[in-house]
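Presented below is the structure to which this report refers.
The values are calculated or read from the model by the stated rules, or taken from the named source; none is laboratory data. Everything numeric here is computed off the predicted structure, so don't read it as measured data. Cβ sites come from the backbone with ideal geometry, for glycine too, and all protein chains shown count toward neighbours. Heavy atoms of the whole protein, side chains included, go into the accessibility calculation; ligands, DNA and RNA do not. Shrake-Rupley method; radii C 1.70, N 1.55, O 1.52, S 1.80 Å.
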Amino acid sequence: MRIGFLSDIHANLEACEVALSVLRQERVDRIYCLGDLVGYGADPGRCVDLVLGECDGAVAGNHDWASVGKTDILYFNLFGRKAILWTAKVLAPHHKSQLSSLPLFISDIEWCAVHSTPEEPSQWNYIFTPAQALRQFQHFAERICFVGHSHSPAIFDDIGDMKSIVVPRDESSVVVRLRPDRRYIVNVGSVGQPRDGDPRGAVAVFDTEQNTVKFIRFEYPIAEAQRKIIEAGLPEFLADRLERGV
Ligand code: ZN
C-alpha cells in the first residue's frame, strides 16, 4: 500500500491544490493530513473543504484548535496571533465544527499520526533533535509515527540518529529506505509554509511493501498565495516568508 501524508497546509490554497495532485500522481491508496489546515494563509475555508474532502483521515494542529478556541493563543507570536484572529473571523460555522472535531491522534496497524508529539499531543511541543525524538518512542506502540509542526522534513530513528531531508533544487524527491529492525518518527514537512530554506511545498509517501518513505518537493504559484495574503490584510511578513521558505 502507498500512503500519502501532507501537513501544515496553513490555508495556502495554491500549495494545497498542487500537493493533492502530486499525491494523486504518486498513485497513493490513501491520504492523511497531519494538521494545521489553517492559520497564516488567506484561504482557510477552501483548504478545509479540499483537505477533508480528499483525505482518509486528519489530526488537529495547534492552529486548527486555536482558530476554534480550543487552545490558548497567548503563546503564539504576534503574526501567528493576528492570523488566528483573522481566521476565526472568516471561517464558516460548519468549517469550525469540522476543525473542532478533528482527533489529536490516528493509529493504524503499522503507523500512527500526530501533529506535535505522541507524548503530549495537545501541548504542541516540537521534535527538532535526536534527544527530543528518542523520548517519544515509548509513547507510541506502532513502528512509525508521522508528525508535522516543525515545517522541516526529517527522519529520526530509535537509536538516536537523525537525518534532515534535503531535496536538491534540481530534483523533486528523495527516497529513504527504512530498516525493518528500527522504529521511526517521520516529519513530512509543510505544504503551505516550508521553513527549511526551500520554498517548495513538501509531501511524503510511505510505501508499506517497499518499506520506503519518499519525500517530495513541488513548485506552486507562490506569488498568487502572497497576493491573497496581502489583500486579506494579513501581516506582510507572512507573504514574504513564502518565497524564502523560512
Ligand atoms: Zn504549522
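Quick look at the numbers
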quantity: The chain, helix-only ellipticity at 222 nm - DSSP H runs n ≥ 4, -39,500 (n - 2.57), divided by all residues, nearest 500; calculated: -8500 deg cm²/dmol
quantity: Tilt relative to the chain, helix 13-25 - C-alpha long axis, 0 to 90 degrees, to 10; calculated: 30
quantity: Solvent accessible area, Å² - His63, 1.4 Å probe, full protein context; calculated: 10
quantity: Cα Rg, Dmax (largest Cα-Cα span) when computed across the chain, Å; calculated: 16.5, 51
quantity: Cα gyration tensor shape of the stretch 1-44, rounded if a/c is under 1.5, else prolate or oblate by comparing a/b with b/c; calculated: oblate
quantity: Under 26 Å between alpha carbons - lysine pairs in the stretch 2-244 that sit 8 or more apart or on different chains; calculated: 8
quantity: Simple spin-label estimate for Arg46 and Leu78 in nanometres, 7 Å along Cα-Cβ; calculated: 3.0
quantity: Carbon plus sulfur fraction of accessible area for the stretch 99-246, probe 1.4 Å, in percent; calculated: 49
quantity: Rounded to 10°, Cα long-axis angle of helix 44-54 versus longest principal axis of the chain; calculated: 30
quantity: Contact order normalised by residue count of the stretch 133-191, Cα under 8 Å, 6+ apart, percent; calculated: 49
quantity: The stretch 2-244: antiparallel DSSP beta bridges as a percent of all, rounded to 5; calculated: 65
quantity: Per residue, in Å², the accessible surface of the stretch 2-244 once ligands and nucleic acids are set aside, probe 1.4 Å; calculated: 42
quantity: Förster radius 45 Å - calculated FRET efficiency between Met1 and Glu236, Cβ distance, rounded to 0.05; calculated: 0.55
quantity: Pair Arg143, Asp170: separation of 7 Å Cα→Cβ label points (nm); calculated: 3.6
quantity: Cα-based Rg of the stretch 171-246 normalised by 2.2 N^0.38 Å, two decimals; calculated: 1.38
quantity: Label point at Asp161 placed 7 Å out along Cα→Cβ; residues across the stretch 175-189 whose backbone nitrogen lies under 13 Å; calculated: 176-185
